[in-house]
Amino acid sequence: MTTMTTSTLPSVDTLRERARDALTAIGWRGDLGAPGGPGLQASTPITGDVLFSVAESTTDQADAAIAEAAQAFSVWRSTPAPVRGALVARLGELLVAHKAELATLVTLEAGKITSEALGEVQEMIDVCQFAVGLSRQLYGRTIASERPGHRLMENWHPLGVVGVITAFNFPVAVWAWNTAVALVCGDTVVWKPSELTPLTALACQALIERAAADVGAPREVSRLIQGGREIGERLVDDPRVALLSATGSVRMGQQVGPRVAQRFGKVLLELGGNNAAIVTPSADLDLAVRAIVFSAAGTAGQRCTTLRRLIVHSSIADEVVSRIVDAYRQLPIGDPGTDGTLVGPLIHAAAYRDMVRALEQAGAEGGEVFGGERQDVGDESAYYVAPAVVRMPAQTDVVHAETFAPILYVMTYDDLDEAIAMNNAVPQGLSSSIFTLDMREAERFLAADGSDCGIANVNIGTSGAEIGGAFGGEKQTGGGRESGSDSWKAYMRRATNTVNYSTELPLAQGVHFG
Ligand code: NAD
């Protein structure tokens, strides 16, 4: 497949300067080490170079951060929720003021094209606004008591320290989803970002500390620890961490979930997806193809909600595949910071190797591959690929796994029940779509025996959720819900209170005692 590539990339010195300028404008004051220095190597997938070394937290520092957040919690939980909302409102204002700089860092570290990086920061702003409103709406219920002279009600209280572990592909938004909501709920936060995105994390920490100083909130309400798995494990195992909200691969969730459960901590897991779209004969194909291309090739296939499986009615499969392949040929691939680019780099060499392996396996399982070639952009350490479309004879083994790269497997169906069964036949349960103009098909897909995913859409793609809805998925995706709707309840504990304002002591269920 011939593709459009932009072969020139900015020099590593230019990228370093962009990162430094963005951090300075955001207000981060600290030292960045030279590449190869001690600590984390902050690299950019744009060229594959290390930009700086960044201090890594020791286990003692991680423990101290948890202790500080636990101490701050004793003050923060008693601060009125609307006052807590003022901190999040200020964070939102700072994000508006520094949207461009933070997006620059997202592009540098995660390789997102500028428009998607700006969109990620906008998502942070949106969730701040949502959380500020929420700070006046942490409602409990009043329940009719069966006993005269009694009032029965529910109160929601802060939980404690929330540990937040995040993945590389949404380096700032997932922190904001958790932190904005946790802070208005009266919790304090300790964040361990991906070891692949330490610079964006420094920027977010500078912004939340500025916001806290501006509104007079304790600086320790939100702490940052940097490092890999071992540092994350401090949050997993520490009983002072009341809720662990962890976003990443199913493998990570399988490791952390049981460990938190062992100590009876609460856990909120946002793990991998293997998202499908069904295209029916009645679909508006112009709309469907645009949505499919954005969902499958956008972010170079590195979203948890990326469209990975297309289940097309056999009568239109040839046409749909040919339209997608044509659209893929016109996708500009290259420097994500250049206007017009639509597909940036893969995050690292291992991601590229996973993609090559999956395409080889797909071929061996009977797949016909279009695209997927490495592009001649930059030097050996940058990994730019053409998105791939693979026509599969069935949902074979390779299709059941999430390969975090732009591979779209296409299967056919003849009967809608069969298509829904295929949608549900993978271990993950994050996002799903149907493209149809037949309301019976749409409603069937959304019904209890339809899609088994946490997100089920009609006539839009699988990716690009709004913050107002609860976000998350079932099965191996982990069952957690973040962001909008009533997801805030995961960040609080419920107390059921019964108040007797009578002079009698009636027992429930008519029990008499003495
Ligand atoms: P990853 O699992 O390699 O790492 C995610 C985070 O977990 C990192 O911060 C890492 O240091 C930490 N970690 C890994 N093992 C750990 C352990 N045993 N204890 C404590 N911390 C540990 O994932 P990644 O490659 O950064 O991100 C891609 C994956 O994340 C994909 O599977 C994608 O679908 C998933 N993801 C899911 C969502 C969602 O909301 N469902 C959102 C974004 C990404």
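Rule-based calculations on the coordinates, nothing more; no lab input. Everything quoted here is computed from the prediction, not taken from an experiment. Backbone-built Cβ (ideal geometry, glycine too); neighbour counts: all protein chains shown.
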Output the DSSP H helices from the chain with an along-axis C-alpha extent of no less than 15 Å and a mean Kyte-Doolittle hydropathy no less than -1.0.
-> 12-26, 59-76, 81-97, 99-110, 114-134, 173-184, 198-215, 250-262, 285-297, 317-329, 349-364
If you place +1 on the Cβ of every Lys and Arg, -1 on the Cβ of every Asp and Glu, and leave all else neutral, what size is the dipole of segment 394-444 about its Cα centre, to the nearest 20 Debye?
-> 180
Residue among VAL215, GLY119, ALA25 farthest towards the positive dipole end of the chain, charges placed on Cβ | VAL215
Using the beta-carbon distance between ALA213 and ASP414 and R0 = 60 Å, what value does 1/(1 + (r/R0)^6) give for FRET efficiency, to the nearest 0.05?
-> 0.45
Which of LEU507, LEU95, LEU32 comes first, and how do the rest follow, when ranked by fewest Cβ neighbours within 10 Å?
-> LEU507, LEU32, LEU95
For segment 333-347 and segment 439-510, what is the separation of their C-alpha centers, rounded to whole Å?
-> 37
Put a dot 7 Å past each Cα toward the Cβ at SER322 and ASP284; how far apart are the dots in nm?
-> 2.3
In what sequence do ILE278, ILE143 fall when counting other Cβ within 10 Å, fewest first?
-> ILE143, ILE278
So how many Lys-Lys pairs in the chain land under 25 Å Cα to Cα, not counting same-chain pairs under 8 apart?
-> 9
How do ASP414, ASP452, ASP335 line up, fewest other C-beta atoms within 10 Å first?
-> ASP414, ASP452, ASP335
At the level of C-alpha centres, the distance separating segment 100-157 and segment 291-324, in angstrom, is 31
Once both label points are put 7 Å beyond Cα along the C-beta direction, the GLU360-VAL75 separation in nm becomes 5.7
Would you pull out the residues with amide H under 5 Å of ARG493's amide H, same chain only if 5 or more places away, H placed 1.01 Å from N?
-> HIS157, LEU159
Computed over segment 275-468: relative contact order in percent, which uses C-alpha pairs under 8 Å that are six or more apart = 30
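In a shell of Cβ-Cβ distance under 14 Å around LEU95, excluding LEU95 itself, what net charge do Lys and Arg (+1) and Asp and Glu (-1) give?
After counting each charged neighbour, the total is -4.
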Relative contact order as a percentage, the chain, C-alpha pairs under 8 Å and 6+ apart, gives 19
Among the DSSP beta bridges whose two residues both lie in segment 275-468, what percent are antiparallel, rounded to the nearest 5?
-> 20
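For the chain, what proportion of DSSP beta bridges, expressed in % and rounded to the nearest 5, is antiparallel?
Of the beta bridges lying entirely in the chain, close to 35 percent run antiparallel.
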Once the piece of chain linking LEU437 and ASP379 is laid out straight, how much longer is it, given 0.36 nm per residue of separation minus the C-alpha distance between them?
-> 16.2 nm
Counting only the backbone N, which residues of segment 457-473 are under 20 Å from the spot 7 Å out from the Cα of ARG141 toward its beta-carbon?
-> 470
First select every other residue whose beta carbon is under 12 angstrom from the beta carbon of GLY472; then total the charges, Lys and Arg +1, Asp and Glu -1.
-> -1
